[in-house]
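No value in this document is a laboratory result; all are computed from the given coordinates. Worth saying up front: this structure is predicted, and the values here are computed from it rather than measured. Note: ideal-geometry Cβ built from the backbone for every residue, glycine included; neighbour counts use all protein chains shown.
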Amino acid sequence: MLTIFYFQSSVAQISLGGVDIPYTQDFNTLASGGGTGSNMPSSWVFLETGPGSNGTYSVNAGGLPTENTYSYGTGADTDRALGQINTATFSTTYGASFINNTGVTITSLLIQYFGEQWRLGALGRNDMIDFQYSTNATAIDNGTWTDFDGLDFTGPIQAGSVGALDGNAPANRRLLAKTITGLSIANGTTIWIRWNSFEATSNDDGLAIDDFVLTANPSLHYTVNNNGVSLSITDTDGNGEGLYVTQQGTSIRFYAPGRTYSLNAGATTALPIDVVIAGLSFIVINAGTGNDTIHVGAFTSNLPGFTINGGIGNDVVNMNGDINFISGAAFNADLQNDDASPGVDKFIVAANANIVCAGTGIATIKVSSNVVLNSLSSVTTANGNLTVEANQQFVPTTGDFDGIEIMADALLQATAAGSVIVKGKGGNTGSSNFGIYIHDGGEILGGTSGTLTLEGTGGPCSGSNNAGVVITQSTSRISSGGANVVITGTGSGVGSSAGSAGILMNSSGVISAGGNGTVTVTGTGAAMPGVNFGLSIANDATITSNNGNVLVTGFGGGSTGSNNYGVYLWGGGIISAGGVGTVTVNGTGGNSTGNANDGVTLYTGDAMITSSGGDVMVTGQGGGSMSAGSGVGVHLSTDVSITAGGLGDVTVTGTGAAINGINNFGIFLQESTAAITSNGGNVTLIGQGVAAVIQVAITAS
């Protein structure tokens, strides 16, 4: 006896309410636990015939070989796919009906979906599910049906081991996208679609459908131009969507769900489009209007010059995998150069993704919002320049964000002679909006020559702690292989904002230059309430060089708070120079009504300003408004020192603040463990204030 079980979640048809409007179904409402289920997405049905038909499906990850309808997914993950395993006596058909409520006759349907293989049933043969449509059916099992082979899914795996597969793995799934033309579906009438079983030799595979998209009377959404050398894709529709850029075999693939393209002004057809990479010199993506997200995947083939233009709208570029460029090819994601009002743009490099330019190839990334390098990601050049800029336009972008964030073990680097330029400004809402934020082992590294330039500006928001440049946690560093290092950090804020330093270094963070490279660091605290250091070097953080000169300048900020130091070293913070490099430190205390607006302060924990053999020059100007309590020029507290190695001379010049408060010393050695020394050079102190030196510990050997 033939058993037939027909399950339908709802008799309602899916309404197509307008043309060129994608309908989507991800099948994630299928059961994800409990072993079996019967609920279906609204208006989707399945029909089982043969022994074992029961109107329920199994919830599985491909481990079961039994004939049935399946909700496939990994464990209890809610990401599901609708699938089947058939036999000679059992089959499953599933599908849905759509009613035309567009107000016009439907003449074409764009259909896209991912076919997924969750089980290999036998080796060395193909298995498939067969796509059909009907314009006169009233149910999934009556009417006249038309085969449309372009939407049949054949399992991609025929070799290996019989058993479960991960249908979400790229190797086990395929994108199918076609436009059915020549239709005449009048307004108010219906079309059915379905997938039939196909009886393969031996045991069937577990095959499924996922991420389904249907669009009635699709418009032209993208134009593609390819002359074999230059390839461009342009969004002409402007609806705003996700464009996926991936490698397919030896080709580059462009795909947007529910969207169409025309190649070289030819016929309109469904994306994706695959274009052979070999022979290309330039690839250009023009996002056009609309709020677009461009997802760029990994490529195993080296890419030619690659440009992403954002156009109008708020665009996000996600770099999701490794890309290596051919020698000399440029990567250009300058989303600020294509329109007078480019919108709010972001650039994000996914964890473990690496963007590598070779030879003289340059890399340029410019956005109006923020740049994020997630953990273990990188953007590198060799002899080409690397430029990364975020939120540098005249009117800052609204939002709560750091301008440029380099996360754990992420990297921006020129490995050879290329220069590196990094500029970031934080957002204008919230708090702790840093201009440039390097943490947990993140690095920005300059090349062997040229310059490494950083400019960080805190966000102009009412929240606190909006530092210009922040380097924190062990192994986080800004360094070069010989290039000069120039860093400028400016704290910012508005209204009640407080505590925004120019540059904050903490927890063994490092600024350095290799070779003969020089280091120039300038920090300016915000003119806001609270503590606004010009430059803070704390908890074993270090500014140093291999052989070049080091120049550090800090301007304390503040308005009503205390401790607005120009340059502040504490907890083992060090400024030094290697070889014969000189060290120059200039600090100016903030113009605040509070106390202790010192120019240069060294406070506890073996904080030190030193050299290996070059001269050391420290100049401090105490600050503060007329009602402030104190402003010391150069202040040394407990277990700290200013010293020079070799024959280097030490010169310390301190000028106390010209204010009404007390203790406005020029040079103040607060404890007996504070020292100003040299190894064999001269030591010169020049102090101007209420007192020049207190509790002196000065030696010259």
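By DSSP, the beta bridges lying fully in the chain are antiparallel in about 30 percent of cases.
DSSP assigns beta bridges within the range 219-368; of those with both partners inside it, close to 35 percent run antiparallel. Going from the residue with the fewest nearby Cβ atoms within 10 Å to the one with the most, 580, 519, 567 rank 580, 519, 567. Here 357, 461 are placed in order of increasing Cβ neighbour count within 10 Å, fewest first, which gives 461, 357.
Bridgeable aspartates and glutamates around residue 425 (alpha carbons under 15 Å apart, same-chain partners fewer than 8 residues away excluded): 345, 389, 400, 402, 405, 455. Cross-link reach is defined here as a Cα-Cα straight distance under 19 Å, omitting same-chain residues fewer than 8 places apart; for residue 423 the lysines meeting it are 346, 366. Going from the fewest other Cβ atoms within 10 Å to the most, the residues 157, 362 appear in the order 157, 362. Loop exposure criterion: GluC sites (Glu not before Pro), DSSP state outside H, G, I, E and B, at most 15 other Cβ atoms within 10 Å. Applied to the chain, the longest stretch between such sites is 200-670. Sequentially through the range 33-38, phi angles give Karplus couplings (6.51, -1.76, 1.60; θ = phi - 60°) of x, x, x, 9, x, 9 Hz, Gly and Pro residues having no value and appearing as x. The value of relative contact order for the range 4-216, using C-alpha pairs under 8 Å at least six residues apart, is 29 percent.
Dipole check for the range 219-368: with +1 at the C-beta of Lys and Arg, -1 at the C-beta of Asp and Glu, and the Cα centre as origin, the magnitude is about 260 Debye.
Rounded to whole numbers, the Karplus 3J(HN,Hα) couplings from phi for the range 511-526 are 10, 7, 9, x, x, 9, x, 8, 10, 10, 10, 10, x, 10, x, 6 Hz, using 6.51 cos²θ - 1.76 cosθ + 1.60 with θ = phi - 60°, and x at Gly and Pro. Between residue 523 and 489, 553, 554, 555, the built amide H atoms are under 5 Å apart, and every one of these is 5 or more places off in sequence or on another chain.
Dipole check for the chain: with +1 at the C-beta of Lys and Arg, -1 at the C-beta of Asp and Glu, and the Cα centre as origin, the magnitude is about 920 Debye.
Listed values for the range 603-615 are Karplus-derived 3J(HN,Hα) couplings in whole Hz (6.51 cos²θ - 1.76 cosθ + 1.60, θ = phi - 60°), namely 9, 6, x, 6, 4, 8, 10, 8, 9, 8, x, x, 5, and x replaces Gly and Pro. I need the shape label for the chain. Rule: rounded when a/c is under 1.5, else prolate if a/b > b/c, else oblate, with a, b, c from the alpha carbon gyration tensor. It is prolate, given that a/c is not under 1.5 and a/b is the larger ratio.
Between the listed residues 308, 283, 325, the Cα displaced farthest toward the positive end of the dipole of the range 219-368, a dipole computed from Cβ unit charges relative to the Cα centre, is found at 325.
Net charge in the neighbourhood of residue 473 (other residues with Cβ under 14 Å of its Cβ; Lys, Arg +1, Asp, Glu -1) is -4. Projecting the Cα atoms of 222, 582, 336 onto the charge dipole of the chain, computed from C-beta unit charges around the Cα centre, puts 582 farthest toward the positive end. Taking a ≥ b ≥ c as the square roots of the Cα gyration tensor eigenvalues, the range 4-216 comes out prolate, since a/c reaches at least 1.5 and a/b is larger than b/c. Expressed to the nearest 5 percent, the antiparallel share of DSSP beta bridges inside the range 4-216 is 90 percent. Across the options 57, 15, 172, the greatest Cα extent toward the positive end of the charge dipole of the range 4-216 (unit charges at beta carbon of Lys, Arg, Asp, Glu) belongs to 15.
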